Amino acid sequence: MFNVKFADIGEGIHEGVVFKMHAIEGDKIEESEVLFSVETDKVTADITSPVSGEILKVNAKEGDEIFVGDTIIVIEDGSSEILSNMQMDGEETPSNTPMKAEGVEAESEKEEGGASVVGEIEVSSELIKSSDESHCEILNASTKKILATPVARKLAKDLGVDIQKLKGSGPAGRIMKADIHAASKEMSEVAKIEKTKEPVRKASIVKSNEEVIRIPMSMIRKAISENMVKSKFTIPHTVVMDEVDVTDLVAFRDGAKEMLLEEGHKLTYLSLIIKGVTIALKKHEILNSSLDEEKQEIVIKKFVNIGIAVDAPQGLMVPVIKRTDHLSVLEIAFAIKDLSSRAQEKKLKLDEIKGSTFTVTNYGAFGASFGVPIINHPDAAVLGIGLIVKKPVVVADEIVIRHMLPLSMSFDHRIVDGADAGRFMQTLKKLLMNTNLLLLN
Amino acid sequence: MLVLNLIEAITDALDVEMGLDDSIVVFGEDVGFEGGVFRATKGLQKKYGEKRCFDTVLAEASIIGSGIGMAINGLKPVVELQFSGFMFPGYNQIVTHAARMRNRSRGAYTVPMVIRMPYGAGVRALEHHSESLEVLFAHIAGLKVVIPSTPYDAKGLMIAAIRDPDPVIFLEPKRIYRAFKQEVPEDDYVIPIGKAKILKEGNDLTVVSWGAMVRDVQNAIAIIEKEGFSIEHIDLRTISPIDRETIIESVKKTGRFVVVHEAAQSFGPGAELITIVNEGAFLYLEAPPTRIASPDIIVPLPKGEHHYLVNKNTIKDELEKVLKY
């Protein structure tokens, strides 16, 4: 707000008469535009606006007698304070006008509003928050600060050492420059070892010659190695082994094989076993889970994605058949064929080797019976499938020849107990022994 | 509860204490009949008579000197100087006598006197009316220096100053004399001299201010806390003796320190506060202790005054630099 006052426009002018009033309340005015003309006993002068803004109030009309110091026009110029082109004491300003409106005795307030021989004091009835000696907005104290000199803090910053994580050796646990240098040295040594790991191995006792060939690990080999170490060292593996009488299944597959071949389908045991595994997993969900080590929570998955171990030229690959709980045996068979052939050609996409909830490995293809497979981290279990062979078994006190399928399952004993694994195996066995049950599910 | 602005709270404090203690006398230029240049003593002469509230000649040395004499002889004078910029003729009396009487007399005499003076810029005044001279008093041994920032504190500190057995320089931030009101208890109460107040707790930065700057700092903090920072704001309230403990403990917690004052930067109160922080919380600092102050120039006349004082935006910018150091 700006108060345009009638200032002394010449030497010793005290009063004048409004000759012409140009300002109209509500109008916009630009700086330097003429507000009004005044006639004094010495001159006639145009009074221009010192600011731009909106004219709020015009206190004089043409012919009025005005005195030096009178507020003639009030302009809203957007400023938060009340400004004026001259200062006077004991004057009425818009700042003390509202106090009159509140019914306070006009005379004394007028006096007090500008109560000083000089200057302008902000006047407001704004009520601020009450106060007392105990009052304070309480906020919980934050973490304890570490002790360190600014030079130590700078050193830590320059060397990339997180000073908050250091333990100080100085007085009262102060972090000394030596502590930071030590931490920095340690960091660089760790980095050096990591950097030189491979050369160290290469430079070990035996060098390549005719008797020993040294082959650097491929990326895939390294990944397999890391995954195996991670799985074997974090998951306490427990193995359960069993044999299943799959004579029925063999008969069924032999019967269906020819028929399906004509339509271009290849029915494999693996697809039938995966079907059985899927049904059993839906029944025993704990085998279809994983452990969230960080949050210490068991994550049970409501979908089944089966990883299949594939022997590819570059090394073990585990492509994943997604949502086997929504696939038929033939669809599973097709997926196995598709994924394993593309694994051979290194044409798998990244998302096709991720996201398994359970893994199946078919070492029976190489004639083996039992094994101790390593769990595909973070799955809860892996099923090893051996070679189906005819064996003499006792059925109803008679020795008969049956087709026997050896199964080995490793499971994560942190989340799966032996009894859970046993029940799962029982369900799986029942399904594989009764083909109708397997196919009707 | 009364609802008073800062100057009304001072009047109320004087009134309450004069009612309780007959030895209190109030005087200064225009203090009696007019009630003082800012009306701080309004109504007191009418209520307590011309012997307890009266006008003096226009002579600061005489006002303070006669006050010292009265104080030594059993009265409790509360004298007013119209502006702190006018105190220089009386400064000799303050430094060479008021501050030293207890020491000089080996404790036989004290000077229980309050010297009130409005101070500070931002009111578009003339020369000698806008200075912030707190260090000129705080540097002198034997003086206490008090600056309130709210009506509640003004009354409590004024009563404490009157009851103090030694001379207290009571600096009043005239810019906020009438800028806001606050609830103030009707009875007498004391806010201890030498105790700062934590207005708001926070974890990232400690800001110390006093007087009229408190409100500007509060406004700056309101802006910067929207960016997610947590600021601890301390109203110093007493410039001398400084409440070292409150400041040091706060900086130990936050690791950052800024002082905002209206006085000129060089050799100002901020320098002393930063030294206290360095002495007491050096090992906790994560950014340089910083002062936000007025430039080392004579306070400009009204036309240029807005260039002189820091405001919430300039304060906010400086706080941000320290927070992001």
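State whether the residues of the stretch A:377-384 include one that is within 30 Å of A:E263 (Cβ to Cβ) and in the same structural domain as A:K302 (by TED's automatic domain parsing). Before the answer, list the steps.
First pass over the stretch A:377-384, keeping only residues within 30 Å of A:E263 (Cβ to Cβ): A:383.
Still in the running and in the same structural domain as A:K302 (by TED's automatic domain parsing): A:383.
Checking the stretch A:377-384: at least one residue is within 30 Å of A:E263 (Cβ to Cβ) and in the same structural domain as A:K302 (by TED's automatic domain parsing).
What number of residues in the stretch B:275-289 are of a type outside the set (A, V, I, L, M, F, W, C), surrounded by fewer than 18 Cβ atoms within 10 Å (Cβ to Cβ) and within 12 Å of another protein chain (Cβ to nearest Cβ)? Break it down stepwise before answering.
Of all residues in the stretch B:275-289, those of a type outside the set (A, V, I, L, M, F, W, C) come to B:275, B:278-280, B:284, B:286, B:288-289.
This time we only want the ones that are surrounded by fewer than 18 Cβ atoms within 10 Å (Cβ to Cβ), so: B:275, B:278-280, B:288.
With within 12 Å of another protein chain (Cβ to nearest Cβ) added as a condition, the list becomes B:278, B:288.
Residues that pass the stated criteria total 2.
In this structure, does B:R106 turn out to be of a type in the set (D, E, K, R), surrounded by fewer than 24 Cβ atoms within 10 Å (Cβ to Cβ), out of contact with any Asp or Glu (no Cβ under 9 Å at 6 or more places or on another chain) and away from chain A (no Cβ under 14 Å)?
Judged against the criteria, B:R106 is a match.
Each row is one residue, and each column tells you yes or no for (1) hydroxyl-bearing (S, T, Y); (2) surrounded by 14 or more Cβ atoms within 10 Å (Cβ to Cβ).
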residue	(1), (2)
A:E263	no, no
A:T268	yes, yes
A:S271	yes, yes
A:V277	no, yes
A:I286	no, yes
A:S290	yes, yes
A:E293	no, no
A:Q296	no, no
A:V304	no, yes
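Just to be sure before I move on: is A:G364 in contact with a strand residue (DSSP E or B) (Cβ under 8 Å, 6 or more places away or on another chain), under 22 Å from A:F252 (Cα atoms) and among the small types (G, A, S) in the structure I sent?
Working: in contact with a strand residue (DSSP E or B) (Cβ under 8 Å, 6 or more places away or on another chain): yes; under 22 Å from A:F252 (Cα atoms): yes; among the small types (G, A, S): yes.
So A:G364 passes the test.
Do the conditions hold for B:V78, that is, is it over 20 Å from the mean Cα position of the chain (by Cα), away from chain A (no Cβ under 14 Å), in contact (Cβ under 8 Å) with a residue 12 or more places away in the chain and not in a helix (DSSP H, G or I)? If you could, list the steps in order and put the result at the bottom.
Numbers: over 20 Å from the mean Cα position of the chain (by Cα): no; away from chain A (no Cβ under 14 Å): yes; in contact (Cβ under 8 Å) with a residue 12 or more places away in the chain: yes; not in a helix (DSSP H, G or I): yes.
For B:V78, the condition - over 20 Å from the mean Cα position of the chain (by Cα), away from chain A (no Cβ under 14 Å), in contact (Cβ under 8 Å) with a residue 12 or more places away in the chain and not in a helix (DSSP H, G or I) - is not met.
Could you please tell me which pairs satisfy a Cβ distance under 7 Å, a separation of 6+ or placement on different chains, a first residue in the stretch B:48-60 that is assigned by TED's automatic domain parsing to the domain that holds B:V37 and closer than 12 Å to B:L81 by Cα, and a second residue that is acidic (D, E) and assigned to a loop (DSSP other than H, G, I, E, B)?
B:D55/B:E29; B:D55/B:D30; B:T56/B:E29; B:L58/B:E29
Being touching a helix residue (DSSP H, G or I) at 6+ places or on another chain (Cβ under 8 Å), part of a helix (DSSP H, G or I) and of a type outside the set (D, E, K, R) narrows it down to one of B:I239, B:I223, so name that one. Give the steps one after another, and end with the answer.
Numbers: B:I239 fails: part of a helix (DSSP H, G or I).
Just one listed residue meets the conditions, B:I223.
Among the residues of the stretch B:1-41, what is the count of those that are touching a Phe, Trp or Tyr at 6+ places or on another chain (Cβ under 6 Å) and of a type in the set (D, E, K, R)?
Going through the stretch B:1-41 one residue at a time, the tally reaches 0.
Which residues, taken from the stretch A:6-49, are closer than 14 Å to A:D70 by Cβ, at pLDDT 85 or above and of a type in the set (D, E, K, R)?
Once the filter is applied, which keeps residues that are closer than 14 Å to A:D70 by Cβ, at pLDDT 85 or above and of a type in the set (D, E, K, R), the stretch A:6-49 yields nothing.
Among the numbered criteria (1) more than 16 Å from the chain's Cα centre (by Cα); (2) of a type in the set (D, E); (3) within 30 Å of A:L147 (Cα to Cα), which single criterion is violated by B:D243?
Every condition holds for B:D243 apart from (1).
Restricting to the stretch A:155-176, name every residue that is exposed (fewer than 15 other Cβ atoms within 10 Å of the Cβ) and either among the aromatic types (F, W, Y) or at negative phi (or both).
A:K157, A:D158, A:D162, A:Q164, A:K165, A:K167, A:S169, A:P171
Restrict the check to the stretch B:204-215 and report whether at least one residue is under 20 Å from B:A287 (Cβ atoms), polar (S, T, N, Q) and buried (at least 19 other Cβ atoms within 10 Å of the Cβ). Full working, then the answer.
So in the stretch B:204-215, the residues under 20 Å from B:A287 (Cβ atoms) come out as B:204-209.
Still in the list and also polar (S, T, N, Q): B:206, B:209.
Checking which are buried (at least 19 other Cβ atoms within 10 Å of the Cβ) leaves us with B:206, B:209.
Checking the stretch B:204-215: at least one residue is under 20 Å from B:A287 (Cβ atoms), polar (S, T, N, Q) and buried (at least 19 other Cβ atoms within 10 Å of the Cβ).
Checking the conditions here, which among B:V25, B:V31 is in contact (Cβ under 8 Å) with a residue 24 or more places away in the chain, in the same structural domain as B:V146 (by TED's automatic domain parsing), of a type in the set (V, I, T) and assigned to a loop (DSSP other than H, G, I, E, B)? I'd like the intermediate steps shown before the answer.
Values: B:V25 fails: assigned to a loop (DSSP other than H, G, I, E, B).
One residue alone meets the criteria, B:V31.
Applying the selection to the stretch A:60-84, what residues are surrounded by 17 or more Cβ atoms within 10 Å (Cβ to Cβ), over 55 Å from the mean Cα position of the chain (by Cα) and at pLDDT 85 or above?
A:A60, A:I66, A:T71, A:I72, A:I73, A:V74
When you scan the stretch A:247-356 for helices (runs of 4 or more DSSP H) that lie fully inside it, which ones turn up with 1 or more residues that are closer than 30 Å to A:V395 by Cα and modelled with pLDDT of 90 or more?
On the way: elements: A:247-262, A:269-283, A:329-344.
It comes to A:247-262, A:269-283.
Kindly list, by first and then second residue, each pair from a residue in the stretch A:306-317 that is in the same structural domain as A:N362 (by TED's automatic domain parsing) to a residue that is aromatic (F, W, Y) and surrounded by 22 or more Cβ atoms within 10 Å (Cβ to Cβ), limited to pairs with Cβ atoms under 9 Å and residues at least 6 apart or on different chains.
The qualifying pairs are A:I306/A:F358; A:G307/A:F358.
Which of the residues that make up the stretch A:426-437 are surrounded by fewer than 22 Cβ atoms within 10 Å (Cβ to Cβ) and touching a residue at least 60 places away in the same chain (Cβ under 8 Å)? Walk me through how you get there before you give the answer.
Restricting attention to the stretch A:426-437, the residues satisfying the condition of being surrounded by fewer than 22 Cβ atoms within 10 Å (Cβ to Cβ) are A:426-427, A:429-430, A:433-437.
A:T427, A:K429, A:M433, A:N434, A:T435, listed by residue number.
With B:D243, B:D204, B:D187 as the choices, which residue is touching a residue at least 40 places away in the same chain (Cβ under 8 Å), within 12 Å of chain A (Cβ to nearest Cβ) and not hydroxyl-bearing (S, T, Y)?
B:D204
How many residues are in a loop (DSSP other than H, G, I, E, B), more than 9 Å from every other protein chain (Cβ to nearest Cβ) and farther than 25 Å from B:G65 by Cβ when one looks only at the stretch B:133-174?
The number of residues fulfilling the criteria is 2.
Among the residues of the stretch B:36-48, is there at least one that is in a strand (DSSP E or B), within 13 Å of chain A (Cβ to nearest Cβ), surrounded by 17 or more Cβ atoms within 10 Å (Cβ to Cβ) and under 23 Å from the mean Cα position of the chain (by Cα)?
Step one: filter the stretch B:36-48 for residues in a strand (DSSP E or B), giving none.
So far as the stretch B:36-48 goes, no, none of its residues is in a strand (DSSP E or B), within 13 Å of chain A (Cβ to nearest Cβ), surrounded by 17 or more Cβ atoms within 10 Å (Cβ to Cβ) and under 23 Å from the mean Cα position of the chain (by Cα).
Which one is modelled with the highest pLDDT among residues in the stretch A:165-220 that are of a type in the set (S, T, Y) and in a helix (DSSP H, G or I)? Walk me through it before giving the result.
So the first thing to find is which residues in the stretch A:165-220 are of a type in the set (S, T, Y), and the list is A:169, A:184, A:188, A:196, A:204, A:208, A:218.
The next check asks that each one be in a helix (DSSP H, G or I); those that pass are A:184, A:188, A:196.
Working: A:S184: 89, A:S188: 85, A:T196: 64.
In this case the residue turns out to be A:S184.
How many of the residues in the stretch B:88-133 are touching a Leu at 6+ places or on another chain (Cβ under 6 Å) and either at pLDDT below 95 or not aromatic (F, W, Y) (or both)? Give the derivation first.
Here is the first cut: in the stretch B:88-133, the ones touching a Leu at 6+ places or on another chain (Cβ under 6 Å) are B:99, B:117, B:119, B:121-122.
Next, from what is left, pick out any that are either at pLDDT below 95 or not aromatic (F, W, Y) (or both): B:99, B:117, B:121-122.
The qualifying residues number 4.
Mind counting the residues in the stretch A:148-191 that are among the aliphatic types (A, V, I, L, M), within 11 Å of another protein chain (Cβ to nearest Cβ) and in contact with a Leu (Cβ under 7 Å, 6 or more places away or on another chain)?
Of the residues in that region, 3 qualify.
The values are calculated or read from the model by the stated rules, or taken from the named source; none is laboratory data. Quick caveat: nothing in here was measured; it's all calculated off a predicted structure. So basically every Cβ, Gly included, is an ideal-geometry build from the backbone, and we count neighbours across all protein chains shown.
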